[in-house]
1. Could you give every pair whose Cβ atoms fall below 7 Å, whose first residue belongs to the range 85-114 and is under 22 Å from residue 27 (Cα atoms), and whose second residue is surrounded by fewer than 12 Cβ atoms within 10 Å (Cβ to Cβ), counting only separations of at least 6 or pairs across chains?
2. State all residues of the range 125-141 that are surrounded by 13 or more Cβ atoms within 10 Å (Cβ to Cβ), among the aliphatic types (A, V, I, L, M) and without any contact (Cβ under 8 Å) to a residue 12 or more places away in the chain; if no residue qualifies, say none.
3. Check whether at least one residue in the range 142-161 is surrounded by 21 or more Cβ atoms within 10 Å (Cβ to Cβ), modelled with pLDDT under 85 and of a type outside the set (S, T, N, Q), and report yes or no.
4. How about the range 1-27: which of its residues are in a loop (DSSP other than H, G, I, E, B) and at pLDDT 85 or above?
5. Pairs needed: first member in the range 37-61, at pLDDT below 80; second member anywhere, in a helix (DSSP H, G or I) and β-branched (Val, Ile, Thr); C-beta distance under 8 Å; at least 6 residues apart or different chains.
6. Can you name the residue in the range 88-110 that is in a helix (DSSP H, G or I) and open to solvent by 80 Å² or more (accessible area, probe 1.4 Å) and is also modelled with the lowest pLDDT among such residues?
7. Which of (1) open to solvent by less than 70 Å² (accessible area, probe 1.4 Å); (2) touching a residue at least 24 places away in the same chain (Cβ under 8 Å); (3) within 19 Å of residue 189 (Cβ to Cβ) is the odd one out, the single condition residue 28 does not satisfy?
Amino acid sequence: MTRFLRLAGQPLLLLLATGLWMLLGGDSAAAPITIMAMLALLFILERWQTRRMDWRQSIAEKTALAGAWIVLGATLGLIAIGYEQLLYELPVPEQVTALWPRSLPWPVQAMLLFLVSDLVYYWIHRAIHAWPWLWRASGHGVHHAFHNLHAVNAGVTHPFELVLLALPIALIGTVFSIDPAVVATGVVLLGTNSQIVHANLDLGAPGIR
């Protein structure tokens, strides 16, 4: 069972997050609730499928970080809404909007949005590490202050960096006029996956450390 979870844990957790989001209504309002629920589940799994025993946090530490996570998560949501309002007026040629494969089933579109958005942020992240001025401007050092990784650390960073975190999926969703349900699913996948890859879990699927 442990070996199975190591190999299949990441895709199963992403599938579970998508199913939970649908069960909760499958809309934008259900996305943050789903991500919070997955964080609670990862808290439990970190006690059961621990990767580094010496990294375990006390209840007080987890509570403090969870509080910061909630505040920063709400801030990220407000920034995303701001992006939607700002980018809504962006003049985008129909030829560009038409490039999005709307004929594909929405789960496939959601996975594509997840992968493209994650790729864009990957290069933003690379730039943050490559350019000292961007490292300082984004406050990314706050995120790296946590040497013992846990799921909750995924959302604990400097407020300035939240502007960069929210940009890729907001920009892609707006430019290609992607269905809001697909965007919400992408948000769930991005949020859950970020928590998984930061978690103190013994997972061995490709992409996990």
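1. Note: pairs meeting the criteria are 109/101.
2. Residues of the range 125-141 surrounded by 13 or more Cβ atoms within 10 Å (Cβ to Cβ): 125, 127-128, 134-135, 137-141.
Imposing the further condition that a residue be among the aliphatic types (A, V, I, L, M) reduces the set to 127-128, 134, 137.
Matches in the range 125-141: 127, 134.
3. Yes: the range 142-161 contains one or more residues that are surrounded by 21 or more Cβ atoms within 10 Å (Cβ to Cβ), modelled with pLDDT under 85 and of a type outside the set (S, T, N, Q).
4. Of everything in the range 1-27, those that are in a loop (DSSP other than H, G, I, E, B) and at pLDDT 85 or above turn out to be 24, 25, 26, 27.
5. 49/2
6. 88
7. In the conditions (1) open to solvent by less than 70 Å² (accessible area, probe 1.4 Å); (2) touching a residue at least 24 places away in the same chain (Cβ under 8 Å); (3) within 19 Å of residue 189 (Cβ to Cβ), residue 28 misses (1) alone.
The values are calculated or read from the model by the stated rules, or taken from the named source; none is laboratory data. No experiment lies behind these values; they were computed from the predicted model shown. All Cβ positions, even for glycine, are placed from backbone atoms using ideal geometry, and neighbour counts span all protein chains on display. Just so you know, the surface numbers come from the protein's heavy atoms only, side chains and all, with ligands and any DNA or RNA stripped out. Shrake-Rupley method; radii C 1.70, N 1.55, O 1.52, S 1.80 Å.
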